[in-house]
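Inspection log for the structure reproduced underneath, given as C-alpha coordinates.
The values are calculated or read from the model by the stated rules, or taken from the named source; none is laboratory data. This one's a predicted model, so the numbers in the text were calculated from it and none came from an experiment. As a convention, Cβ positions derive from the backbone with ideal geometry for all residues, glycine included, and neighbour counts pool all protein chains shown. Just so you know, the surface numbers come from the protein's heavy atoms only, side chains and all, with ligands and any DNA or RNA stripped out. Shrake-Rupley method; radii C 1.70, N 1.55, O 1.52, S 1.80 Å.
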Amino acid sequence: MPRGWTLPLAFALTLLAPRPASAFPHVVQKGETLAQIAERAYGNLQFERVLVAANGLDLGGGTPIVAGMRLEVPAIGHLRVAAGDTWASLARAALGDEGRADVLARANDSMPWIAPAEAAEIRVPYNLRYVVGQGENVVTIALRFLGEKEKGWVLDRYNHLEGAALRRGDVLLVPLVDLPLTDAGKAEAAAAEASVRAQAAGAAREAQRKVEAELPSLLAEVRAGRWVDAVARGVRLLAAGELSRPQLAILHRQLAEAYVALEAPGLAAAACAAWREHDPRARVDAVQMSPKLVAACEKGRP
(Lines give C-alpha, C1' and ligand atoms only; values in the text may rest on other atoms or scores of the structure.)
Protein backbone atom coordinates (compact mmCIF):
# COMPACT_ATOMS: atom_id res chain seq x y z
CA MET A 1 0.00 0.00 0.00
CA PRO A 2 1.62 3.30 -1.05
CA ARG A 3 2.81 5.69 1.63
CA GLY A 4 0.54 8.63 2.26
CA TRP A 5 -2.63 6.72 1.38
CA THR A 6 -5.29 7.65 3.90
CA LEU A 7 -9.04 7.10 4.17
CA PRO A 8 -11.05 10.04 5.52
CA LEU A 9 -13.87 7.93 7.00
CA ALA A 10 -14.49 4.42 8.24
CA PHE A 11 -12.95 2.08 5.67
CA ALA A 12 -15.16 -0.27 3.72
CA LEU A 13 -16.78 -2.17 6.56
CA THR A 14 -19.44 -3.42 4.21
CA LEU A 15 -16.87 -5.36 2.20
CA LEU A 16 -17.24 -8.46 4.31
CA ALA A 17 -20.21 -10.09 6.00
CA PRO A 18 -21.49 -10.24 8.62
CA ARG A 19 -21.97 -6.73 9.96
CA PRO A 20 -21.10 -5.96 13.59
CA ALA A 21 -24.00 -6.88 15.86
CA SER A 22 -24.37 -3.68 17.88
CA ALA A 23 -21.94 -1.03 16.70
CA PHE A 24 -23.41 2.45 16.86
CA PRO A 25 -22.48 5.75 15.18
CA HIS A 26 -20.87 8.73 16.85
CA VAL A 27 -20.54 12.12 15.19
CA VAL A 28 -17.31 13.82 16.22
CA GLN A 29 -17.81 17.13 18.00
CA LYS A 30 -15.55 20.17 17.70
CA GLY A 31 -12.37 19.68 19.71
CA GLU A 32 -13.17 16.05 20.54
CA THR A 33 -10.38 13.45 20.49
CA LEU A 34 -10.43 9.69 20.05
CA ALA A 35 -9.20 9.28 23.59
CA GLN A 36 -12.15 11.31 24.88
CA ILE A 37 -14.60 9.25 22.83
CA ALA A 38 -13.07 6.02 24.15
CA GLU A 39 -13.22 7.31 27.72
CA ARG A 40 -16.86 8.32 27.33
CA ALA A 41 -17.98 5.12 25.61
CA TYR A 42 -15.88 2.52 27.43
CA GLY A 43 -14.47 4.29 30.48
CA ASN A 44 -10.98 3.32 29.32
CA LEU A 45 -8.55 5.31 27.18
CA GLN A 46 -6.92 2.09 25.97
CA PHE A 47 -9.95 1.39 23.78
CA GLU A 48 -8.83 4.19 21.50
CA ARG A 49 -6.98 1.50 19.51
CA VAL A 50 -10.31 -0.27 18.86
CA LEU A 51 -11.87 2.93 17.51
CA VAL A 52 -8.83 3.49 15.29
CA ALA A 53 -8.95 0.00 13.81
CA ALA A 54 -12.74 -0.15 13.45
CA ASN A 55 -12.75 3.06 11.43
CA GLY A 56 -9.63 2.43 9.34
CA LEU A 57 -7.92 5.50 10.80
CA ASP A 58 -4.53 3.80 10.84
CA LEU A 59 -4.41 2.94 7.14
CA GLY A 60 -1.65 4.48 5.09
CA GLY A 61 -0.26 7.49 6.88
CA GLY A 62 -3.16 7.70 9.31
CA THR A 63 -6.29 9.85 9.28
CA PRO A 64 -7.09 12.52 11.88
CA ILE A 65 -10.65 12.92 13.06
CA VAL A 66 -12.46 16.20 12.44
CA ALA A 67 -15.73 17.68 13.63
CA GLY A 68 -18.70 16.19 11.78
CA MET A 69 -16.96 12.90 10.96
CA ARG A 70 -19.12 9.85 11.59
CA LEU A 71 -17.36 7.09 13.50
CA GLU A 72 -18.40 3.51 14.21
CA VAL A 73 -18.26 2.69 17.92
CA PRO A 74 -17.90 -1.10 18.41
CA ALA A 75 -20.07 -2.87 20.97
CA ILE A 76 -21.01 -6.47 21.60
CA GLY A 77 -24.45 -7.72 20.55
CA HIS A 78 -26.99 -9.96 22.23
CA LEU A 79 -29.15 -12.83 21.06
CA ARG A 80 -31.95 -14.81 22.68
CA VAL A 81 -31.52 -18.58 22.41
CA ALA A 82 -34.49 -20.32 20.78
CA ALA A 83 -35.56 -23.95 21.13
CA GLY A 84 -33.24 -26.21 19.16
CA ASP A 85 -30.42 -23.69 18.89
CA THR A 86 -26.86 -24.94 19.23
CA TRP A 87 -23.64 -23.00 19.53
CA ALA A 88 -22.91 -23.95 15.93
CA SER A 89 -26.25 -22.67 14.62
CA LEU A 90 -25.97 -19.50 16.69
CA ALA A 91 -22.42 -18.90 15.45
CA ARG A 92 -23.55 -19.37 11.86
CA ALA A 93 -26.36 -16.82 12.32
CA ALA A 94 -24.45 -14.26 14.38
CA LEU A 95 -20.84 -14.64 13.25
CA GLY A 96 -21.26 -16.03 9.75
CA ASP A 97 -19.60 -19.40 10.37
CA GLU A 98 -20.59 -22.33 12.56
CA GLY A 99 -16.88 -23.08 12.97
CA ARG A 100 -16.77 -20.08 15.29
CA ALA A 101 -18.96 -21.87 17.83
CA ASP A 102 -16.06 -22.27 20.26
CA VAL A 103 -15.44 -18.50 20.37
CA LEU A 104 -19.15 -17.79 20.86
CA ALA A 105 -19.51 -20.41 23.59
CA ARG A 106 -16.42 -19.23 25.48
CA ALA A 107 -17.66 -15.64 25.22
CA ASN A 108 -20.62 -16.84 27.27
CA ASP A 109 -18.63 -18.85 29.82
CA SER A 110 -19.59 -22.15 28.22
CA MET A 111 -18.15 -24.78 25.89
CA PRO A 112 -19.30 -25.69 22.37
CA TRP A 113 -20.31 -29.21 23.42
CA ILE A 114 -22.63 -27.89 26.16
CA ALA A 115 -26.02 -26.91 24.73
CA PRO A 116 -27.01 -23.26 25.34
CA ALA A 117 -30.02 -22.81 27.61
CA GLU A 118 -33.28 -22.06 25.83
CA ALA A 119 -34.42 -18.42 26.24
CA ALA A 120 -31.01 -17.42 27.62
CA GLU A 121 -29.60 -14.11 26.39
CA ILE A 122 -26.10 -14.58 25.04
CA ARG A 123 -23.35 -12.13 24.14
CA VAL A 124 -22.18 -11.87 20.53
CA PRO A 125 -18.58 -10.74 19.90
CA TYR A 126 -17.95 -7.72 17.73
CA ASN A 127 -16.21 -8.75 14.51
CA LEU A 128 -13.44 -6.18 14.19
CA ARG A 129 -12.22 -6.00 10.60
CA TYR A 130 -8.51 -5.34 10.82
CA VAL A 131 -6.30 -4.59 7.82
CA VAL A 132 -2.97 -6.33 8.37
CA GLY A 133 0.09 -4.08 8.32
CA GLN A 134 3.67 -4.79 7.29
CA GLY A 135 5.32 -7.47 9.43
CA GLU A 136 2.23 -8.28 11.50
CA ASN A 137 1.05 -11.79 12.34
CA VAL A 138 -1.69 -13.44 14.38
CA VAL A 139 0.47 -13.32 17.53
CA THR A 140 1.11 -9.58 17.43
CA ILE A 141 -2.51 -8.84 16.51
CA ALA A 142 -3.81 -11.10 19.28
CA LEU A 143 -1.60 -9.32 21.80
CA ARG A 144 -2.83 -5.94 20.60
CA PHE A 145 -6.56 -6.64 20.63
CA LEU A 146 -7.11 -9.76 22.74
CA GLY A 147 -4.49 -8.96 25.36
CA GLU A 148 -2.61 -12.26 25.05
CA LYS A 149 -0.19 -13.36 22.35
CA GLU A 150 -1.10 -16.96 23.17
CA LYS A 151 -4.51 -16.29 21.61
CA GLY A 152 -2.99 -16.14 18.15
CA TRP A 153 -4.43 -19.60 17.57
CA VAL A 154 -7.91 -18.14 18.09
CA LEU A 155 -7.41 -15.72 15.19
CA ASP A 156 -5.93 -18.48 13.05
CA ARG A 157 -8.93 -20.75 13.59
CA TYR A 158 -11.51 -17.94 13.44
CA ASN A 159 -10.25 -16.88 10.01
CA HIS A 160 -9.53 -20.40 8.68
CA LEU A 161 -5.89 -19.53 8.07
CA GLU A 162 -4.61 -23.03 8.83
CA GLY A 163 -1.23 -21.60 9.74
CA ALA A 164 -0.83 -19.52 6.58
CA ALA A 165 1.21 -16.34 6.97
CA LEU A 166 -0.56 -12.99 6.84
CA ARG A 167 0.28 -10.43 4.18
CA ARG A 168 0.00 -6.66 4.27
CA GLY A 169 -3.48 -5.66 3.09
CA ASP A 170 -5.18 -8.88 4.22
CA VAL A 171 -8.41 -8.38 6.17
CA LEU A 172 -8.52 -10.27 9.46
CA LEU A 173 -11.59 -10.68 11.65
CA VAL A 174 -10.85 -10.21 15.35
CA PRO A 175 -13.69 -11.26 17.69
CA LEU A 176 -13.87 -8.76 20.53
CA VAL A 177 -15.79 -9.70 23.66
CA ASP A 178 -14.44 -7.28 26.24
CA LEU A 179 -16.22 -4.08 25.16
CA PRO A 180 -18.01 -2.85 28.28
CA LEU A 181 -20.01 0.32 27.67
CA THR A 182 -20.35 3.00 30.29
CA ASP A 183 -23.77 4.43 31.16
CA ALA A 184 -23.01 7.30 28.78
CA GLY A 185 -22.04 4.81 26.06
CA LYS A 186 -25.24 2.81 26.56
CA ALA A 187 -27.32 5.98 26.39
CA GLU A 188 -25.66 7.05 23.14
CA ALA A 189 -26.15 3.58 21.64
CA ALA A 190 -29.86 3.63 22.60
CA ALA A 191 -30.34 7.11 21.18
CA ALA A 192 -28.61 6.15 17.94
CA GLU A 193 -30.83 3.08 17.53
CA ALA A 194 -33.99 5.16 18.11
CA SER A 195 -32.80 7.77 15.61
CA VAL A 196 -32.05 5.15 12.98
CA ARG A 197 -35.53 3.66 13.33
CA ALA A 198 -37.21 7.07 13.05
CA GLN A 199 -35.23 8.28 10.06
CA ALA A 200 -34.55 5.05 8.16
CA ALA A 201 -37.00 5.41 5.28
CA GLY A 202 -36.34 9.06 4.42
CA ALA A 203 -32.62 8.81 5.07
CA ALA A 204 -32.25 5.81 2.77
CA ARG A 205 -33.92 7.59 -0.11
CA GLU A 206 -31.82 10.73 0.38
CA ALA A 207 -28.61 8.68 0.61
CA GLN A 208 -29.42 6.82 -2.60
CA ARG A 209 -30.13 10.08 -4.39
CA LYS A 210 -26.81 11.60 -3.32
CA VAL A 211 -24.85 8.49 -4.24
CA GLU A 212 -26.46 8.37 -7.68
CA ALA A 213 -25.32 11.94 -8.28
CA GLU A 214 -21.71 11.12 -7.35
CA LEU A 215 -21.30 7.83 -9.20
CA PRO A 216 -20.18 9.52 -12.46
CA SER A 217 -17.37 11.27 -10.57
CA LEU A 218 -16.25 7.97 -9.04
CA LEU A 219 -16.19 6.28 -12.44
CA ALA A 220 -14.19 9.19 -13.87
CA GLU A 221 -11.62 8.93 -11.06
CA VAL A 222 -11.13 5.22 -11.72
CA ARG A 223 -10.80 5.73 -15.48
CA ALA A 224 -8.23 8.48 -14.89
CA GLY A 225 -6.21 6.35 -12.48
CA ARG A 226 -6.83 8.63 -9.50
CA TRP A 227 -6.91 5.63 -7.20
CA VAL A 228 -6.58 7.39 -3.85
CA ASP A 229 -9.40 9.80 -4.71
CA ALA A 230 -11.54 6.90 -5.94
CA VAL A 231 -11.07 4.94 -2.72
CA ALA A 232 -11.80 7.98 -0.57
CA ARG A 233 -14.99 8.73 -2.50
CA GLY A 234 -16.08 5.09 -2.72
CA VAL A 235 -15.65 4.47 1.00
CA ARG A 236 -17.52 7.68 1.83
CA LEU A 237 -20.41 6.71 -0.44
CA LEU A 238 -20.60 3.23 1.10
CA ALA A 239 -21.04 4.88 4.49
CA ALA A 240 -23.75 7.24 3.20
CA GLY A 241 -26.65 5.01 4.22
CA GLU A 242 -28.85 2.20 2.98
CA LEU A 243 -28.09 1.94 -0.74
CA SER A 244 -29.69 -0.06 -3.51
CA ARG A 245 -28.12 -3.32 -4.65
CA PRO A 246 -27.13 -1.88 -8.07
CA GLN A 247 -25.44 1.05 -6.35
CA LEU A 248 -23.57 -1.24 -3.99
CA ALA A 249 -22.47 -3.40 -6.93
CA ILE A 250 -21.04 -0.40 -8.78
CA LEU A 251 -19.25 0.95 -5.71
CA HIS A 252 -17.65 -2.38 -4.82
CA ARG A 253 -16.61 -3.01 -8.44
CA GLN A 254 -14.83 0.34 -8.64
CA LEU A 255 -13.22 -0.13 -5.23
CA ALA A 256 -11.90 -3.52 -6.31
CA GLU A 257 -10.20 -1.85 -9.27
CA ALA A 258 -8.70 0.87 -7.08
CA TYR A 259 -7.53 -1.49 -4.33
CA VAL A 260 -5.69 -3.65 -6.88
CA ALA A 261 -3.91 -0.60 -8.24
CA LEU A 262 -2.95 0.42 -4.69
CA GLU A 263 -1.54 -3.05 -4.01
CA ALA A 264 -4.09 -3.99 -1.35
CA PRO A 265 -5.02 -7.51 -2.53
CA GLY A 266 -6.97 -8.41 0.60
CA LEU A 267 -9.30 -5.45 0.25
CA ALA A 268 -9.55 -5.99 -3.50
CA ALA A 269 -10.65 -9.61 -2.99
CA ALA A 270 -13.27 -8.58 -0.46
CA ALA A 271 -14.55 -5.79 -2.72
CA CYS A 272 -14.82 -8.16 -5.67
CA ALA A 273 -16.71 -10.70 -3.55
CA ALA A 274 -19.13 -7.96 -2.47
CA TRP A 275 -19.56 -6.83 -6.10
CA ARG A 276 -20.52 -10.35 -7.17
CA GLU A 277 -22.82 -10.72 -4.18
CA HIS A 278 -24.80 -7.59 -5.08
CA ASP A 279 -24.84 -8.23 -8.84
CA PRO A 280 -25.88 -11.78 -9.78
CA ARG A 281 -24.91 -11.06 -13.39
CA ALA A 282 -21.35 -10.05 -12.49
CA ARG A 283 -18.70 -11.98 -14.40
CA VAL A 284 -14.94 -12.02 -14.06
CA ASP A 285 -13.70 -11.32 -17.59
CA ALA A 286 -10.00 -11.99 -18.16
CA VAL A 287 -10.16 -10.00 -21.41
CA GLN A 288 -11.50 -6.76 -19.96
CA MET A 289 -10.07 -7.02 -16.44
CA SER A 290 -6.43 -6.82 -15.40
CA PRO A 291 -4.68 -10.06 -14.38
CA LYS A 292 -4.27 -8.72 -10.83
CA LEU A 293 -7.98 -7.96 -10.55
CA VAL A 294 -8.89 -11.38 -11.91
CA ALA A 295 -6.57 -12.98 -9.35
CA ALA A 296 -8.10 -10.92 -6.54
CA CYS A 297 -11.61 -11.90 -7.60
CA GLU A 298 -10.66 -15.56 -7.70
CA LYS A 299 -9.20 -15.22 -4.20
CA GLY A 300 -12.41 -13.61 -2.94
CA ARG A 301 -14.68 -16.25 -4.48
CA PRO A 302 -16.75 -17.99 -1.74
Extension reserve of the Ala224-Asn137 stretch, reckoned as 0.36 nm per residue once the Cα distance is removed:
27.8 nm
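Go through Arg223, Arg123 and list them by solvent-accessible area, largest first, probe radius 1.4 Å. Mind showing how you got there, number by number?
Details: Arg223 180, Arg123 90 Å².
These residues rank, largest area first, as Arg223, Arg123.
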For Cα extents along the principal axes in Å, the choices are (i) 66, 40, 37; (ii) 56, 46, 32; (iii) 55, 45, 38; which was calculated from the structure?
(iii)
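Mind checking the dipole of the range 103-199: about its Cα centre, +1 per Lys or Arg Cβ, -1 per Asp or Glu Cβ, Debye to the nearest 20? The partial results should precede the final answer.
On the way: 11 positive and 13 negative charges, 64 e Å.
I would put it at about 300 debye.
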To the nearest Å, what is the center-to-center distance of the range 137-185 and the range 239-259, using C-alpha atoms only?
27
Which helices pass in the chain if a helix is a full DSSP H run, must span at least 30 angstrom along its long axis by Cα, and must have mean Kyte-Doolittle hydropathy not below -0.5?
183-223
Going by average Cβ density within 10 Å per residue, which order do the peptides 125-131, 170-176, 225-231 take, highest to lowest?
125-131, 170-176, 225-231
Among Ala271, Thr33, Phe47, the residue whose Cα sits farthest towards the positive end of the charge dipole of the chain (+1 at Cβ of Lys and Arg, -1 at Cβ of Asp and Glu, taken about the Cα centre) is Ala271
Out of the total accessible area of the range 71-117 (probe 1.4 Å, heavy atoms of protein only), what percent is carbon and sulfur?
54
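Using the beta-carbon distance between Trp113 and Arg80 and R0 = 22 Å, what value does 1/(1 + (r/R0)^6) give for FRET efficiency, to the nearest 0.05?
Numbers: r = 21 Å, r/R0 = 0.97.
After rounding, the FRET efficiency stands at 0.55.
Subtract the Cα-Cα distance of Ala213 and Arg106 from 0.36 nm times their separation in residues, and report this length gain in nm to one decimal.
Length difference between fully extended and current span is 33.8 nm.
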Taking the Cβ-Cβ separation of Arg283 and Arg245 as r and a Förster radius of 22 Å, what is the calculated FRET efficiency to the nearest 0.05?
0.85
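Sort the following peptides by mean Cβ neighbour count (other Cβ atoms within 10 Å, averaged over residues), highest first: 157-168, 40-51.
Values: 157-168: 13.4, 40-51: 18.0.
Ranking the peptides 157-168, 40-51 by packing returns 40-51, 157-168.
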Relative packing of peptides 245-254, 272-281 - highest average C-beta neighbours within 10 Å first
245-254, 272-281
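At a threshold of 8 angstrom on Cα-Cα distance, excluding pairs fewer than six apart, so keeping six or more, what relative contact order does the chain reach in percent? Before the final figure, lay out the partial values.
Values: 514 pairs, mean separation 55.2, N = 302.
Worked out over the chain, it gives 18 percent.
Using Cα pairs under 8 angstrom and six or more residues apart, how large is the relative contact order of the range 236-292, in percent? Mind dumping the intermediate values first?
Details: 42 pairs, mean separation 19.0, N = 57.
Answer for the range 236-292 is 33 percent.
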From the Cα centre of the range 208-234 to that of the range 88-106, the distance in Å is 37
Using a probe radius of 1.4 Å on heavy atoms only, what accessible surface per residue do you get for the chain? Whole Å² is fine.
50
